[in-house]
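Working notes for the structure below.
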Amino acid sequence: MSDFSEPQKEFIKGVFIDLNNTINEKAEEIRNELKDQIGQIKEDIGETIGQLKQKIKDLQIQNETLQENIIYLERKSRKNNLIIFGTKNARECPIVVEFISFQKKLLVLKNAHKLKGKNIFIARDQSKKDREESKILINHQKKARAKGQTAYIKGRKLIVGEEEYTTKQLVEEDDRYEDVTSDSEEEEKENTEEKSASTISKKRPLGDTDTQKKEEGDRKRTKPEQRQLRNKSNRVKPRSTNFCDNNISVIAAYRSPATCPNEFVNCLDQYLQNNKNSDNYSILIGDINIDIYQPTEDASHNYLNVLDAHGYKSHINGITRELNNSYSCLDHIFIKSQKNCVNDMTIPCIIQSKITDHYIVTSQIILHEEKIKKSKNIQQIKYINYKKVKKRVINNKLE
């Protein structure tokens, strides 16, 4: 720059200033354009992410629906199946038997008790998921009953008192319980290490006050069981009578839908074992609220197996209750007769009356030990009281 004159220097300096300003303006324009483009790209990416999230949700819903359909189809395909364990051909692996109808499968289950002592076992064909759910429900049912609570399985839920629990809720409860117990165990270890010397010096044998508290706690735990036993004894009302030289015992039973069906079945089984008699007839009748029309629950199978084991045969197998396209047989008549009563006959009947939400069930029993000899001297005479017929016609409004 020393070779240039002052005017030249000023001119070159002005050119550099103008060039710098131009570069800065162009850079600012490029910066603004890039900001606008980046903002647009972010908006496009946000819209794309929102669309992808919605698609993922839709796919999850479709996946859950497909899984439910697969489970339903799998259960339906296994509905008429039974698994047999313990046979000669099933020593290495069990045998899966598929029946033509669900009723045939139930017939086999009803007679499964006859295989007792032969090391042959029959079980329902369930998927792996259903088996795991059944184990969870049964384990929690045992725990609840051990605490003196009323617990039973209904469908795929556990009913404890008046509360319902799904398998998912039970698993979550177990996880929370494990976390709490692990934390409490650590705290107990720390406390025992700090107070080990003092606790050793203060140890003493269990005194009278401690034993009294323990006995009071035991009594508190057994009170619900005592109430259940009292309720059970009130559910079954036996009556005996004699008709046509035949001893007849009638058992009138009722089970509230709010009570546990398995407990009722156990109570009934115990009652029938303790009250075996030599009556010609033993009739069990009542509103049991256990479905035997399409028995799908374990309580229904246990109920039918217990009565079959005691020699009772069902005489009401039709629909006794209809509600919202749901059909069930909740009102039962089971009759047990001795082998020598071979000429006896029963005529069951279901009266479809709308007086209550249940139909009326009846059964006519014709008792005779010897066939009546026909005599030619017997004459049949028919008599019609027209006066009574006329009064009834007048008093009744006929359409």
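In table form, for the structure just shown:
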item: Test for Gly318: is it in a loop (DSSP other than H, G, I, E, B), in contact with a Lys or Arg (Cβ under 7 Å, 6 or more places away or on another chain) and either at pLDDT 80 or above or hydrophobic (A, V, I, L, M, F, W, C) (or both); result: no
item: So Glu369, is it modelled with pLDDT under 70, over 30 Å from Ser256 (Cα atoms), surrounded by 10 or more Cβ atoms within 10 Å (Cβ to Cβ) and not basic (Lys, Arg); result: yes
item: Residue among Lys354, Lys336 that is over 21 Å from the mean Cα position of the chain (by Cα) and either closer than 29 Å to Asp125 by Cβ or assigned to a strand (DSSP E or B) (or both); result: Lys336
item: Close pairs (9 angstrom Cβ cut-off, 6 or more residues apart or separate chains): within 24 Å of Leu107 (Cβ to Cβ) in segment 121-147, of a type in the set (Asp, Glu) and not in a helix (DSSP H, G or I) anywhere; result: Asp125/Glu98
item: Number of positions in segment 268-296 that are touching a strand residue (DSSP E or B) at 6+ places or on another chain (Cβ under 7 Å) and in a helix (DSSP H, G or I); result: 2
item: Only one of Leu109, Leu73 that is within 40 Å of the chain's Cα centre (by Cα), under 15 Å from Ser127 (Cα atoms) and aliphatic (A, V, I, L, M); result: Leu73
item: Filtered residues of segment 67-86 (kept if among the charged types (D, E, K, R) and surrounded by fewer than 14 Cβ atoms within 10 Å (Cβ to Cβ)); result: Glu68, Lys76
item: Residue check, Lys114 of a type outside the set (S, T, N, Q), surrounded by fewer than 12 Cβ atoms within 10 Å (Cβ to Cβ), without any contact (Cβ under 8 Å) to a residue 24 or more places away in the chain and on the phi < 0 side of the Ramachandran plot; result: yes
item: Contacts under 8 angstrom Cβ, first residue in segment 327-356 being in the same structural domain as Gln273 (by TED's automatic domain parsing) and at pLDDT 80 or above, partner among the small types (Gly, Ala, Ser) and part of a loop (DSSP other than H, G, I, E, B), 6 or more apart; result: Cys329/Gly318; Lys336/Gly311; Ile350/Gly318
item: Positions within segment 1-41 being β-branched (Val, Ile, Thr) and modelled with pLDDT of 85 or more, in sequence order; result: Ile17, Thr22, Ile23, Ile30, Ile38, Ile41
item: Test result for Pro94, over 30 Å from Lys129 (Cα atoms) and not hydrophobic (A, V, I, L, M, F, W, C); result: no
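The values are calculated or read from the model by the stated rules, or taken from the named source; none is laboratory data. The model shown is predicted, which means the values in this text are computed figures rather than measured ones. A quick note on method: Cβ atoms are made from the backbone with ideal geometry, for glycine too, and the neighbour counts reach across all protein chains shown.
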